[in-house]
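Colleague: This is the structure I have questions about; it appears just below.
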Amino acid sequence: MSDNQLTFSFEFFPPKTQEGMDKLIKVQGELTGLNPEFYSVTFGAGGTTRERTLDTVLKLKQTSGVECAPHLSCIGSSKESLLEILQTYRENGISRLVALRGDMPSGMREPGEFSYANELVSFIREQSGDHFHIEVAAYPEFHPQAKSAMDDLKNFKRKIDAGANSAITQYFYNPDAYIRFVESCQELGINAPIVPGIMPINNYVQLARFSDACGAEIPRWLRKRLESYGDDLDSIRAYGIDVVSHLCQQLLEAGAPGLHFYTMNQSAAVLAIWNNIHPEP
Ligand code: FAD
């Protein structure tokens, strides 16, 4: 498959400080050369980063000219506040969204008016017709709260049936998880593109903590190898680039429609992986 048919995208989080924003603009400048389809910007559940997500999206759009997709989560939010956000995005020329349920922030009690992401997708379609290209989340290793694998697949299908155009997966390090997941989706009649989410490895301790929380598996062989480097971050990064580049290659060879990189607002690992999967002729 030629690169022209593949969709590459990069995810950022909204910085808290001006220094963080300046750094992000630099990172984004380094990644714009890779000709991404879009950038996406995360959203704190319960609307905790509402203003910062919007500011970041507008800033990135203005400085790069690349399409920017804000994430929008519905847990803990009212229809009215979500409608306001959708309106603001439309007024600012945003036409792509990543629609999510999100997780209830600790201390927040009000569940809001939506329980699941499929309800948010339906709401966006009801309110905005076809204005937005809607991405949703998919879980090749299954969502940690899913009652069963089949239940999770059916719940994923609800989001596509509600009008989502495509999906980005939770990260994983076992390509078979993705390949089997896509096969199961096809058996259920889901034909929307499912783009693998790729998490570069920069810091093992952080990654292990995060993976436990979101249900992404770090295979034993990888965990043991990363643990063996202790505090040697350079070796962790070098090994991580090697492993993740190989993963990306396997996924593209298996027919993945593109790759979505969780950049953590850093470019070095993404650029190194990119060079490995796009060697100079
Ligand atoms: P859902 O699709 O609603 O699924 C959540 C759980 O409920 C699953 O177990 C599912 O099987 C079950 N379920 C779904 N629908 C139904 C139904 N109708 N009836 C019964 N059960 C159902 N979090 C953030 O806070 N901000 C972000 O910006 C963000 N970005 C993300 C981007 C990507 C690509 C991914 C993969 C995740 C992201 N997350 C983000 C994390 C996400 O919010 C959490 O994983 C959250 O727990 C689930 O969100 P969801 O949209 O997948 O939920």
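Colleague: Phe156 - would you say it is assigned to a helix (DSSP H, G or I), more than 9 Å from the ligand (Cβ to nearest atom) and buried (at least 17 other Cβ atoms within 10 Å of the Cβ)?
Modeller: Here the answer is no, as Phe156 does not meet what is asked.
Colleague: Further, regarding this structure: Tell me which residues, restricted to the stretch 74-101, are within 13 Å of the ligand (Cβ to nearest atom), under 18 Å from the mean Cα position of the chain (by Cα) and either at pLDDT below 95 or hydrophobic (A, V, I, L, M, F, W, C) (or both).
Modeller: Cys74, Ile75, Leu97, Val98, Ala99, Leu100
Colleague: Between a first residue in the stretch 250-270 that is free of Cβ contacts under 8 Å to residues at least 60 places away in the same chain and of a type in the set (A, V, I, L, M, F, W, C) and a second residue that is in a loop (DSSP other than H, G, I, E, B) and away from the ligand (no atom under 14 Å from the Cβ), which pairs have beta carbons less than 9 Å apart while being 6 or more apart in sequence or on different chains?
Modeller: The qualifying pairs are Ala268/Pro200; Ala268/Asn202.
Colleague: Take the residues in the stretch 215-249 that are of a type in the set (Phe, Trp, Tyr) and crowded, with 16+ Cβ neighbours inside 10 Å; name whichever of them is nearest to Ile134 (Cα to Cα).
Modeller: The extreme case among them is Tyr239.
Colleague: Hey, does the stretch 250-265 have a residue that's surrounded by 15 or more Cβ atoms within 10 Å (Cβ to Cβ), modelled with pLDDT of 95 or more and in contact with a Leu (Cβ under 6 Å, 6 or more places away or on another chain)?
Modeller: Yes; the residues of the stretch 250-265 include at least one that is surrounded by 15 or more Cβ atoms within 10 Å (Cβ to Cβ), modelled with pLDDT of 95 or more and in contact with a Leu (Cβ under 6 Å, 6 or more places away or on another chain).
Rundown of residues vs (1) touching a strand residue (DSSP E or B) at 6+ places or on another chain (Cβ under 7 Å); (2) of a type in the set (A, V, I, L, M); (3) touching a residue at least 24 places away in the same chain (Cβ under 8 Å); (4) near the ligand (Cβ under 8 Å from one of its atoms), yes/no style:
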position: Val121; (1), (2), (3), (4): yes, yes, yes, no
position: Gly129; (1), (2), (3), (4): no, no, no, no
position: Phe132; (1), (2), (3), (4): yes, no, yes, no
position: Gly163; (1), (2), (3), (4): yes, no, yes, no
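Colleague: Shifting gears a bit: What's the total number of residues in the stretch 102-117 that are more than 10 Å from Cys74 (Cβ to Cβ) and within 8 Å of the ligand (Cβ to nearest atom)?
Modeller: Final tally of qualifying residues: 1.
Colleague: Hey, another quick one. Where residues in the stretch 109-137 are part of a loop (DSSP other than H, G, I, E, B) and among the aromatic types (Phe, Trp, Tyr), which of them is surrounded by the fewest Cβ atoms within 10 Å (Cβ to Cβ)?
Modeller: Only one residue tops the list, namely Tyr116.
Colleague: Show me the helices (runs of 4 or more DSSP H) entirely contained within the stretch 1-99 in which 3 or more residues are open to solvent by less than 10 Å² (accessible area, probe 1.4 Å), farther than 23 Å from Asn165 by Cα and in contact with a strand residue (DSSP E or B) (Cβ under 9 Å, 6 or more places away or on another chain).
Modeller: It comes to 18-32.
Colleague: Sticking with this structure for a sec: Does Pro140 satisfy being in contact (Cβ under 8 Å) with a residue 12 or more places away in the chain, surrounded by fewer than 23 Cβ atoms within 10 Å (Cβ to Cβ) and assigned to a loop (DSSP other than H, G, I, E, B)?
Modeller: no
Colleague: Still on this model: Checking the condition more than 14 Å from the ligand (Cβ to nearest atom), open to solvent by 50 Å² or more (accessible area, probe 1.4 Å) and of a type in the set (D, E, K, R), which residue from Asp176, Asp151, Asp212 passes?
Modeller: Asp176 is the lone residue from the list that is more than 14 Å from the ligand (Cβ to nearest atom), open to solvent by 50 Å² or more (accessible area, probe 1.4 Å) and of a type in the set (D, E, K, R).
Colleague: Sticking with this structure for a sec: Among the numbered criteria (1) part of a helix (DSSP H, G or I); (2) surrounded by 16 or more Cβ atoms within 10 Å (Cβ to Cβ), which one does Pro200 miss?
Modeller: Result: Pro200 fails condition (1) only.
The values are calculated or read from the model by the stated rules, or taken from the named source; none is laboratory data. Everything numeric in this text was worked out from a predicted model, so none of it was measured. All Cβ positions, even for glycine, are placed from backbone atoms using ideal geometry, and neighbour counts span all protein chains on display. For the accessible areas, the whole protein counts, side chains as well, though only heavy atoms, and no ligand, DNA or RNA atoms are used. Shrake-Rupley method; radii C 1.70, N 1.55, O 1.52, S 1.80 Å.
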